[in-house]
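In what follows, a single structure is set out as structure tokens and then discussed.
The values are calculated or read from the model by the stated rules, or taken from the named source; none is laboratory data. All figures in this text were calculated on a predicted structure; none of them were measured in a lab. Cβ placement follows ideal geometry from the backbone for every residue including glycine, while neighbour counts extend to all protein chains displayed. SASA here: full protein model, heavy atoms, side chains in, ligands and nucleic acids out. Shrake-Rupley method; radii C 1.70, N 1.55, O 1.52, S 1.80 Å.
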Amino acid sequence: MQATPESHPARPLPTAPDAGETAPLAVIMPTRGLDAAVSARLKHVHTALRPRELVVVEPEGAAPVAPTPLPCRRIRAPRGRGTQCNAGARATTAPVLLFLHDDTQLPPDADRAIASALADQALGMACFRLRFDHRHPVLALYAWCSRFDSVWTTFGDQGYLMRRALFDAVGGFPDWPLFEDVELARRVRRQRGPWRRIRKLSAAVTTSAVRFQRGGVLRQQLRNAIAMLRFFAGASPARLAEEYERRR
């Protein structure tokens, strides 16, 4: 049975903080399991951004593989990227949230890009542009298009930077195993006022292209596009996630 993605009505936003206020950052990284590669990524994030809070969220029942890298906090939540991101947000208090996938590498100037964006009090949400760690003309074209905001070019692997007030106003991520990032962005665009716009930062994060290499770049892009179209047509994110996992 198909399930239409839940609607989330726009709510009035709280007043943005005064221009002179600082905006301490909480970084939340959902992961399937904390291994050596994720630990190294967390250490890099801490060095690059010096966030007030750094939280990695593992699924419940995940076997411990690596010790918790300091000064990271480690929590558990029911499996699902949206659910894990929400749990990480609840575990923090900073007024600005950055959600990073565990295979996303920040650019060297990430701290400056974030600080510059947050200096604009009209900004509610932003994300980085995209770069892949594998060269291919199709991926290069897709990466170039990521400088524009649309339902086809704004995804969680670009790193979602949000003011907590906006995150709370839209109800956070839906508790879906797939397309939770697409739905969160749609909820933001439905808001009224200046915080409805999603800004693309000038810097680009680098993400893994392994899923494209495994399945073939063109085939994987086609599968992704078909899954998106089915999602927009009302297909259940849970069912789409099951099919995605089987292909993995």
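Scanning region 74-125 for residues that are surrounded by fewer than 20 Cβ atoms within 10 Å (Cβ to Cβ) and of a type in the set (Val, Ile, Thr) turns up ILE75, THR93.
Please determine whether any residue of region 192-212 is open to solvent by 50 Å² or more (accessible area, probe 1.4 Å), hydrophobic (A, V, I, L, M, F, W, C) and either out of contact with any helix residue (DSSP H, G or I) (no Cβ under 9 Å at 6 or more places or on another chain) or over 30 Å from ALA91 (Cα atoms) (or both). Looking through region 192-212, at least one residue is open to solvent by 50 Å² or more (accessible area, probe 1.4 Å), hydrophobic (A, V, I, L, M, F, W, C) and either out of contact with any helix residue (DSSP H, G or I) (no Cβ under 9 Å at 6 or more places or on another chain) or over 30 Å from ALA91 (Cα atoms) (or both). Set side by side, the residues VAL38, VAL96, VAL45 differ, and just one is touching a residue at least 40 places away in the same chain (Cβ under 8 Å), under 15 Å from the mean Cα position of the chain (by Cα) and more than 21 Å from ALA185 (Cα to Cα), which is VAL45.
Exactly one residue among ASP175, ASP168 is more than 18 Å from PHE231 (Cβ to Cβ), open to solvent by 40 Å² or more (accessible area, probe 1.4 Å) and either under 14 Å from the mean Cα position of the chain (by Cα) or not basic (Lys, Arg) (or both), and that residue is ASP168. Does region 137-153 contain at least one residue that is over 22 Å from ILE28 (Cβ atoms), among the charged types (D, E, K, R), more than 12 Å from the chain's Cα centre (by Cα) and at pLDDT 95 or above? Within region 137-153 (the criterion being over 22 Å from ILE28 (Cβ atoms), among the charged types (D, E, K, R), more than 12 Å from the chain's Cα centre (by Cα) and at pLDDT 95 or above), the answer is yes, since at least one residue qualifies. Picking from residues in region 213-224 that are in contact (Cβ under 8 Å) with a residue 24 or more places away in the chain and of a type in the set (A, V, I, L, M), the one that is least open to solvent (accessible area, probe 1.4 Å) is VAL217. Apart from one condition, VAL188 fits all of (1) farther than 27 Å from PRO78 by Cβ; (2) open to solvent by less than 50 Å² (accessible area, probe 1.4 Å); (3) hydrophobic (A, V, I, L, M, F, W, C); the exception is (1).
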